[in-house]
Structures are given as C-alpha cells and as structure tokens.
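The values are calculated or read from the model by the stated rules, or taken from the named source; none is laboratory data. Because the structure is predicted, anything quoted here is derived from the model rather than measured. All Cβ positions, glycine included, derive from the backbone under ideal geometry; neighbour counts span all protein chains shown. All accessible areas refer to the heavy atoms of the entire protein, side chains included, with ligands and DNA or RNA removed. Shrake-Rupley method; radii C 1.70, N 1.55, O 1.52, S 1.80 Å.
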Amino acid sequence: MVAKKPRIVIIGAGMAGLTAANKLYTSSSFNDMFELCVVEGGPRIGGRINTSEFGGDRIEMGATWIHGIGGSPVHKIAQEIHSLESEQPWECMDGFLDEPKTVAEGGFELSPSLVESISTLFKNLMDYAQGKLNEREESSEEVNFCKLADKICKICPSNGGGPGKLSVGSFLRQALNVYWDSVKEQEQIEGCGNWSRKLIEEAIFAMHENIQRTYTSAGDLLTLDFDAESEYRMFPGEEITIAKGYLSVIESLASVLPHGLIQLGRKVVRIEWQPEAHQSSEHGGAGRPVKIHFCDGSIMSADHVIVTVSLGVLKAGIGPDSGMFNPPLPTFKTEAISRLGFGVVNKLFLQLSSRHDGRDGDYSKFPFLQMAFHRPDSVWRHKKIPWWMRRTASLSPIYKNSGVLLSWFAGKEALELETLSDEEIIDGVSTTVSSFLSQPHKQLNSNSHGVCNGKEKSVDENRVRFAKVLKSKWGNDPLFLGSYSYVAVGSSGDDLDTLAEPLPNIDTLGSAPLQILFAGEATHRTHYSTTHGAYFSGLREASRLLQHYHCVGV
C-alpha cells in the first residue's frame, strides 16, 4: 500500500498564497513529498493586487508602489521579468508633476515656501515617530527637535488603550500646538476669505494628516499606535510603480504552477480542524485532520492549510455568527485579531472631458492639485463641497499629460465613496475642483498681508468636467472587507506575531501539528500593510512546512 502524500491547501491566490505555493512547488523535494492546491474565492488571482484599464491607461485598483527598491523582493522579481519599463506611459512613472499646486479653499494658491515650512514640520514629526531621525546622523537642529518631541510624547494624553498608550494623531496635534506657541501670531490676511496664517498652516497640516491616513489605512490617526510606528520598516531607495503592472509579478509567481493547481471561484465558508488528537470529523477524509467546506457544499480534506485571507475577513470570521473556524480559534488568537486595526483605502479615477480647458486632447493644464480645506467648524466652508471630498488631500494626473486623474480616500469617506453613483461622484468632484481652480488665484506667501484682487468667475463658467469614473470597493468586497492592516492603539507588534503563530500550539500533546498556518501582510511584524510583507509571510509558512518534513534546500 502506497502511503498518501501530505496534502497542503492554500486559501487565497494573492501575493502571500502564490509565494507560498511557488516556494513549495519549486522545492527540490516537492514532487516526492506533497500534494498542493490553491483555492481562491474570487474569479481572478492577485488578491489586493488588481491591475486594470481605464480611459486607455493601465491603472492599479489595489497595490501601487514598490516601497523602496533596496532589498525588496518585489523589485527583484519585477527586474527579472522586465516589468519596470514600458513603451507606454504609466501611473506616476515619471514622478509626480514638477511641483504640486497647493490651493486653499476659495481658490487661493499658496506659495511653495509657506507649504514647505509646514510640510517639513510634518515630515520631521513622522520621521521622529518612525525612528528615522535616530537612524541618521542628526544636525544640531534635529537634536533639538528630538528633545522637543520627547517632551511632547510625555505630555500627550493616552487614547483609551491603557496607560501610556499614545496615538500618532495625538502626538501630531500636540506638536502643532507647541509649534504655534513658539512662533509669533501672524495678522489676518485681508480679503482672502478670512484665511489667517494659522488657519492656513492648520489646513496644510490636515492635508498631510489625510495623506498619512491613506498610507496607513487608519481612518482616524487617533486610532494609530505611536509606539508601533518605530517598528515599521521600509526598504531604502526610491518608491516606484511597475510599468507593466503589479499583476505581472503575481503572474510570474503563478507561472511555475501546473494548470489546475489554482482553483478559482472556490469560496471557503468553514475550516474544520482538530485541536486535540481524539477529535475527529464526521466526514472522514482518510485521517487528514483539516476539512475545508466551500460555499457550493463541497468539502476538501487536508493535512495542512495556509490561510492567507485578509485581516478583515478574519475579523468577520471570529464573529459570533460566523463559524469560519470549527472549533473556534483559541482566545489568544482572536484577541490579537480583534485588537489589530484594518482600514479601508479606496482609489477614485476620473477621466477628464477633453474639452475641459478648451483644447481637445490637451490635458497639460490640469495640475498636481493639493487641496487645503477650511476647518469643519468654519463658516467659510463652501456649502456645495460634499463632506466625503473634504478629507481627500489631492487630485492629480496619473502621469504627466494624462487625461486620467487619481484621488485617494480613507476611512468613512472611502466607504461612502462605494455607495455613491457615478453621477454623484462626478458632481461632487467637479464642484470641489472648480471651486479651487476657477478662482483668480492670488498667491499667498509666508509674508502676505495682501488683498485678493480680480473679478471672481462663476464656478459653472469654468467648471471642470469629467467623462467617466472608476472606483475601487475594497471595504464592501466580502473577499477582503478592507484594504490593509495597521497597529491600532491598544494593540502592538506582538499581536502581529501572535497572528502568525500556527495551530495547534506546538505544546499541544497528541495533536497533528501545523494544521492551520497563517500568512498575509497582517502577519508580518515590520512589513505589515505591504506586498513585500505578504511575500515574506508566504515564504515563512512554506519554509515552516518544508522544515517540518526535513526537506533539503529550504
């Protein structure tokens, strides 16, 4: 009688799942050792990587950036398969436009010097929070800044996560108040919609906070843990996009797998496992300890399952009515899942109407627009700008002279975007952009006390017009239920490590080991929220199984 090979089932055909499959299948001992299968609930591979097309341009609905090219495995793969260069222009491949145009609500263009001073303050604060200032040789000015930031941390209130639990949001706002205390109050800027220097500085600061929300997926920076920021790591070097599409990396990983190994449209509804040896499944399965139940009623048995679903799906899966795991996951695992943060970030693509500036086919006049909005309690707020537009920071062509614009949304605004019709989106964005770009644009600089002159144009007179829109919908997609993870106040990097621990526990006597393994960006302590974090996690779990079977060449 021939002994059955251990069967490994990977749930999810995203970066983590396909990396694990690639590693297992290409190991020197694979054909003699294992049966392998990848099951994917959706109709495509890639997971939160989804290269698409819009307005004649290639776009990324999900992951966009290689976060640092020095040592990134994603960059290495993209290099090897020649995906970094293309004859076609590509999303941000020639960098952002020369200089962003930062405009305050009401149509007042802000001078680069004014924007730069607050932008530098914000960058230094985030560098401090992330430990970057301590990693480089500091100037005397930076040493003084660090001392000031240390004091700010001590006086900041906690955010409900227990004693000493500081959020990034609290730190940033306290630092801004300290900055204002250290500078002389500026006079009101006459005739410019009651914009004082302080209000303008706060609007610029809030603009950067909104950018940071999309970086982290924390809908509110008050929920983002301060201490964990210094554990997060990026690779050195520039951040770039992939000219031939992020999906080319995924396709490369999948290309070594034989036809039929990846099964699409196989949504998992329950994973039945055996924490203790005496437990058994009613469905049999020739002694394999794990049973995977699919939405069509079919069942697959396995010796090992690598779960690569998103943290959002895991959060839903530990709910009282879910039953995703039977028996339920142990408390140490569910508590870590509950504490960690998982937010929603959506992209909005808009195709410009070719006649928006009076020149058919010429889009060169649309700037890289950064928008500084009035405070929520300001009486000067433009009444027709919808609330969901007020916390997006920018709208810009995806590359120079492109007729496709991109804006990012996080948190409640991102979820609201998913519910809106194309007509509602076009109307809201058109109203917003027109109110910023259709005014006379008196430039406000750091020393300005001037009056904004010129005859105001009607917003409708020079209204920016769009032909169509495309939006991502990560929040309500049942296969993801969000975008990527962050360490929330009350959580820590330890929870990311806990999420990565396989089940049953190694010290559980008599249990079949490594029944359920966990991979995905939310299981990597220092590279969570990234595609390379997902990649590393897939390698980790594949190597764990290979080492378990004493395979050579791991």
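Some observations on this one:
- Accessible area in the full protein assembly, largest first, 1.4 Å probe, for LEU417, LEU481: LEU481, LEU417
- These residues, MET207, MET300, MET234, MET33, go from largest to smallest accessible area, 1.4 Å probe, as MET234, MET33, MET300, MET207.
- Cα gyration tensor category, rounded, prolate or oblate, for the stretch 8-112 with a/c compared to 1.5: prolate
- Note on CYS37: accessible area is roughly 10 Å² with a 1.4 Å probe, heavy atoms of protein only.
- SER167 long-range amide H proximity, modeled H, under 5 Å: ASN159, PHE226
- Checking the Cα-Cα distances for LYS383/LYS412; LYS23/LYS76; LYS101/LYS384; LYS76/LYS347; LYS267/LYS291 against a 24 Å cut-off, the pairs over it are LYS76/LYS347.
- Amide H contacts of SER111: LEU444, ASN445, each under 5 Å away and 5 or more positions distant or on a separate chain (H built 1.01 Å from N in the peptide plane; Pro and chain starts excluded).
- Placed amide H near ILE59: partners under 5 Å, 5+ positions off or other chain: SER52, GLU53, PHE54
- When HIS259, HIS532 are compared by accessible area of protein heavy atoms, the largest-first order is HIS259, HIS532, using a 1.4 Å probe.
- Karplus (6.51, -1.76, 1.60) ³J(HN,Hα), θ = phi - 60°, over the stretch 115-131, in Hz, Gly and Pro reported as x: 5, 5, 4, 6, 4, 5, 4, 4, 4, 5, 5, 5, 4, 5, 4, 8, x
- Phi-based couplings in Hz for the stretch 207-215 (Karplus 6.51, -1.76, 1.60; Gly and Pro marked x): 4, 5, 4, 5, 5, 4, 4, 6, 4
- Virtual spin-label span in nm between SER421 and VAL269, 7 Å along Cα→Cβ: 3.4 nm
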